[in-house]
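> I have a structure I would like to understand better, so I am pasting it below and will then ask my questions one at a time.
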């Protein structure tokens, strides 16, 4: 890639159009994820990991932190911090199991159910719905292409969960770019 100048002014870089278009598409995807995450935080007061935890608690009966962590593909430490924040907001309750007093069970409070009912859908849910409507060959082609892009960007070994949120997630389940809720 070489720099392109006109009368001493840098106009940009001469790069193959396909690479440029691919980078623009990647930037649009990143931007869509960022905008959706911000909209979720503004409208529901929740981060994507917090909403995922609430969804799991609505679907399962009295799970523990380790079960929730497995389902949402986050570490136990991260889920514990997310649950701490949700409990502080009055959205989640912790109770001891009657069968095994060592086990702490998680459940939604009435406020948590209301918050979940009013929360917008997650970007990945919309994506999965649309992706599932594609033909099998198209799904495989897209998956292979995106995996190849990850390799080209030296990201094939980056640990990632299937959660679409921008920014780095701290142990409390908030994006590090966001102020605490």
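The values are calculated or read from the model by the stated rules, or taken from the named source; none is laboratory data. Since the model is a prediction, treat every value here as computed from it, not as a measurement. Using ideal geometry, Cβ is built from the backbone for each residue, glycine included, and neighbour counts are taken over all protein chains shown.
> Just to be sure before I move on: is residue 116 modelled with pLDDT of 95 or more, farther than 27 Å from residue 147 by Cβ, in contact with a strand residue (DSSP E or B) (Cβ under 9 Å, 6 or more places away or on another chain) and part of a helix (DSSP H, G or I) in the structure I sent?
It is false that residue 116 is modelled with pLDDT of 95 or more, farther than 27 Å from residue 147 by Cβ, in contact with a strand residue (DSSP E or B) (Cβ under 9 Å, 6 or more places away or on another chain) and part of a helix (DSSP H, G or I).
> Please specify each residue of region 85-98 satisfying the condition of being crowded, with 19+ Cβ neighbours inside 10 Å and part of a strand (DSSP E or B).
Answer for region 85-98, where residues must be crowded, with 19+ Cβ neighbours inside 10 Å and part of a strand (DSSP E or B): just 92.
> OK, next. Among (1) within 15 Å of residue 53 (Cα to Cα); (2) within 19 Å of the chain's Cα centre (by Cα), there is one condition residue 109 misses while meeting the rest; what is its number?
(2)
> In the list 82, 72, 56, which residue meets the criterion of being surrounded by 14 or more Cβ atoms within 10 Å (Cβ to Cβ), closer than 23 Å to residue 123 by Cα and more than 14 Å from the chain's Cα centre (by Cα)?
56
> So, in region 42-62, exactly how many residues are touching a helix residue (DSSP H, G or I) at 6+ places or on another chain (Cβ under 9 Å) and in a helix (DSSP H, G or I)?
14
> Take the residues of region 145-170 that are within 14 Å of the chain's Cα centre (by Cα) and surrounded by 12 or more Cβ atoms within 10 Å (Cβ to Cβ): which is modelled with the lowest pLDDT?
Filtering region 145-170 for residues that are within 14 Å of the chain's Cα centre (by Cα) and surrounded by 12 or more Cβ atoms within 10 Å (Cβ to Cβ), the one modelled with the lowest pLDDT comes out as 169.
Listed here are the residues, each with its yes/no results for (1) in a helix (DSSP H, G or I); (2) in contact with a helix residue (DSSP H, G or I) (Cβ under 9 Å, 6 or more places away or on another chain); (3) free of Cβ contacts under 8 Å to residues at least 12 places away in the same chain.
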{"residue": "80", "(1), (2), (3)": "yes, yes, no"}
{"residue": "100", "(1), (2), (3)": "no, no, yes"}
{"residue": "106", "(1), (2), (3)": "no, yes, no"}
{"residue": "120", "(1), (2), (3)": "no, yes, no"}
{"residue": "124", "(1), (2), (3)": "yes, yes, no"}
{"residue": "127", "(1), (2), (3)": "yes, no, no"}
{"residue": "139", "(1), (2), (3)": "yes, yes, yes"}
{"residue": "154", "(1), (2), (3)": "no, no, yes"}
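> Something else about it: Being modelled with pLDDT of 90 or more, more than 23 Å from residue 104 (Cα to Cα) and assigned to a helix (DSSP H, G or I) is true for just one of 28, 20, 70. Which residue is that?
Of the residues listed, the single one that is modelled with pLDDT of 90 or more, more than 23 Å from residue 104 (Cα to Cα) and assigned to a helix (DSSP H, G or I) is 28.
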